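What follows is a single structure, written as structure tokens, with notes after it.
Computed from the coordinates by the stated procedures, all read-outs in this text should not be read as laboratory data. Keep in mind it's a predicted model, so treat the numbers as computed, not measured. So basically every Cβ, Gly included, is an ideal-geometry build from the backbone, and we count neighbours across all protein chains shown.
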Amino acid sequence: MPEKPWDGRFSEKTHRIVETFTASIDVDKRLYAYDIEGSIAHLKTLEKAGIISEDETSTLIQGLVVIKREIDRGRFEFDESLEDIHMHIEARLLQEVGKVAQKLHTARSRNDQVALDVRMYLRDNVTLLVEHLDGLRDVLVGLAKANIDVVMPGYTHLQPAQPVLFAHHIMAYYEMFKRDGQRLAGCLDRINVMPLGSAALAGTTYPIDRHFTAELLDFPEVSANSMDSVADRDFIMEFLADASICMVHFSRLSEELILWSSAEFGFIEIPDAFATGSSIMPQKKNPDVPELVRGKTGAVFGDLMSMLTLMKSLPMAYNRDMQEDKPPLFRAVDTLTACVDVYTAMLPRLTIKRETMQAAASRGYLNATDMADYLVAQGMPFRKAHECVGKTVGYALKKGKELHELTLAELQTFSSLVKEDIFDFLSIEQVINRRRSFGGTASENVAAAIKTAEAELKG
Ligand code: ARG
């Protein structure tokens, strides 16, 4: 047998530098379990088609099981000259069971083999990610529920805008991560398609039952076009796009936690176990976890860009370029999983400084819109009310007071429609609890949203 499974027509040995350059084993060895599972299903398919005997099938399967155990236990020797995980396993099988191993690669090519392995890997990892995201949502609901009466300033343009419940703010992230989970679950439909049996590109001459292979490997669907099966990686691009969107959400939450834990905001404290100190400034406690999550967001965007650029303009069908799909894929899966897990561990342990948040929500004229609404309720047109409150705010600013700190007489110089009941009307509780439109921050709405979320997570 030639030294490499493909070098029959070669008259010269591969240059060392080329061996190193083309090898992907360091990266793709993590596909070994899928590769072996796929090969076992392939052997059963070959047997069913009468291409190999029952004895051969069981010998080969036993050999593969031994190899799997070796790799599981770290007792397998990897060698660059064998390029990738597919060739490593096949070469080791030859040592283990002898010449019959040469039958394994009948009716398939590494092109459909690698497409299968990656799809199996991604379906497992996306399924896990969806579960972990459920866990994160659970923690967000817990955080909202435990702080249901905490009030904070809501911002637009990072300027204090209107008071909201802290729980409402947190439940906004619940919604974002819920959609992320839905997007990932949706992309599973496209991942879960079985490509094996497409062979190099054109299909195979052997009478194999690809639907049988799909059944063995628990794929609900078989790829419909052999060229598409080996040529496309859109399921990876889709995953990376979904992962990138999820990372955008993480980066926003991270940015907020970083701001909130600053001395200037002081809304939260990050637990010591999730922060680090400075090697020079003894007083420092840095929000490294959210900072790193924010930083890693860029890496995942980069992975998406790598993949899009890698696939752009590639002629059909398989091209070796596509071997480069694995580093960005694996990195994004690892990064996103790590971010979900570290946030799930950290969020329940945040200290919520309710007094600071409440004090911040009581300053900065966050009830100005409500004063305008008050005047509208007394019959003043909204534009006029806006102007009147604007003038009142201008006056209050000069006096260094909040609207609700002005006297009734002061308020009445701007409009005679203002009565004693304005003070209750402008209280934070009333300002919040008047926002009862569906999805608004009123306590009863937020409590209902938490209930709905709890039911979703149970269901
Ligand atoms: N290591 C290759 C990859 O990951 C496997 C497929 C190789 N196919 C080929 N025709 N050289 O894409």
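Annotation: amide H-H contacts under 5 Å for Ser24 (H modelled 1.01 Å from N, sequence separation of 5 or more, or interchain): Asp84. Ellipsoid fit via the Cα gyration tensor, region 1-111: semi-axes of 24, 17, 12 Å, each the root of five times an eigenvalue, largest first. Averaged over residues, the count of other Cβ atoms within 10 Å places the peptides 426-433, 136-143, 71-78 in the sequence 136-143, 426-433, 71-78, highest first. Computed on region 253-396, with alpha-carbon pairs under 8 angstrom and 6+ residues apart, the relative contact order is 23 percent. Given Lys68/Lys103; Lys399/Lys419; Lys29/Lys178; Lys353/Lys458; Lys353/Lys401, which pairs have Cα atoms separated by over 26 Å? From the list (Lys68/Lys103; Lys399/Lys419; Lys29/Lys178; Lys353/Lys458; Lys353/Lys401), the Cα-Cα distance tops 26 Å for Lys29/Lys178; Lys353/Lys458. Computed over region 54-144, the Cα gyration tensor eigenvalues convert (square root of 5λ each) into semi-axes of 37, 15, 13 Å, ordered from largest to smallest. When the convex hull of its Cα atoms is viewed from all sides, region 211-352 shows a mean projected area of 12.1 nm².
Among 90-101, 374-385, 241-252, 112-123, sorting by the average number of other beta carbon atoms lying within 10 angstrom of each residue, highest first, gives 112-123, 241-252, 90-101, 374-385.
Between the residues Leu136, His105, Leu122, the greatest Cα displacement towards the positive end of the dipole of region 92-143, with unit charges on the Cβ of Lys, Arg, Asp and Glu, is found for His105.
Here region 194-296 is treated with +1 on each Lys and Arg Cβ and -1 on each Asp and Glu Cβ, and its dipole about the Cα centre works out to around 380 debye. Listed by chain and number, the aspartates and glutamates whose C-alpha is less than 19 Å from the C-alpha of Lys99, apart from same-chain residues fewer than 8 away, are Glu3, Asp7, Glu47, Glu54, Asp55, Glu56, Glu90. In the chain, if the dipole is taken from +1 on Lys/Arg beta carbons and -1 on Asp/Glu beta carbons about the Cα centre, which of Tyr395, Ile67, Gly459 is farthest to the positive end? Going by the Cα projections, it comes out as Tyr395. Taking only the Cα atoms of region 345-459, the ratio Rg/Rh comes out at 1.09, with Rh defined as the Kirkwood radius. Extension gain, Lys103-Glu12: 0.36 nm per intervening residue step, less the Cα-Cα distance, totals 30.2 nm. Compute the whole-percent fraction of alpha carbon pairs in the chain spaced more than 38 Å apart. When all Cα pairs of the chain are counted, 45 percent exceed 38 Å. Across the chain, the mean sequence separation of Cα contacts (distance under 8 Å, 6 or more residues apart), normalised by length, yields a relative contact order of 16 percent.
What the Cα convex hull of region 284-387 gives, in volume per residue, is 246 Å³. Sequentially through region 47-64, phi angles give Karplus couplings (6.51, -1.76, 1.60; θ = phi - 60°) of 5, 4, 7, x, 8, 10, 7, 4, 4, 4, 4, 5, 4, 5, 5, 4, x, 5 Hz, Gly and Pro residues having no value and appearing as x. Applied to region 366-377, the Karplus parametrisation 6.51 cos²θ - 1.76 cosθ + 1.60 on θ = phi - 60° returns per-residue 3J(HN,Hα) values of 5, 9, 5, 4, 5, 5, 5, 4, 4, 5, 4, 4 Hz, with x for Gly and Pro. Across region 117-125, rounded Karplus estimates of 3J(HN,Hα) from the backbone phi angles (6.51 cos²θ - 1.76 cosθ + 1.60, θ = phi - 60°) give 4, 5, 5, 5, 4, 6, 5, 5, 6 Hz, Gly and Pro being marked x. Given H placed on each backbone N at 1.01 Å, which residues far from Gly154 in sequence or on other chains put an amide H within less than 5 Å of it? So Gly154 has HN proximity to Ala161, Gln162, Val164.
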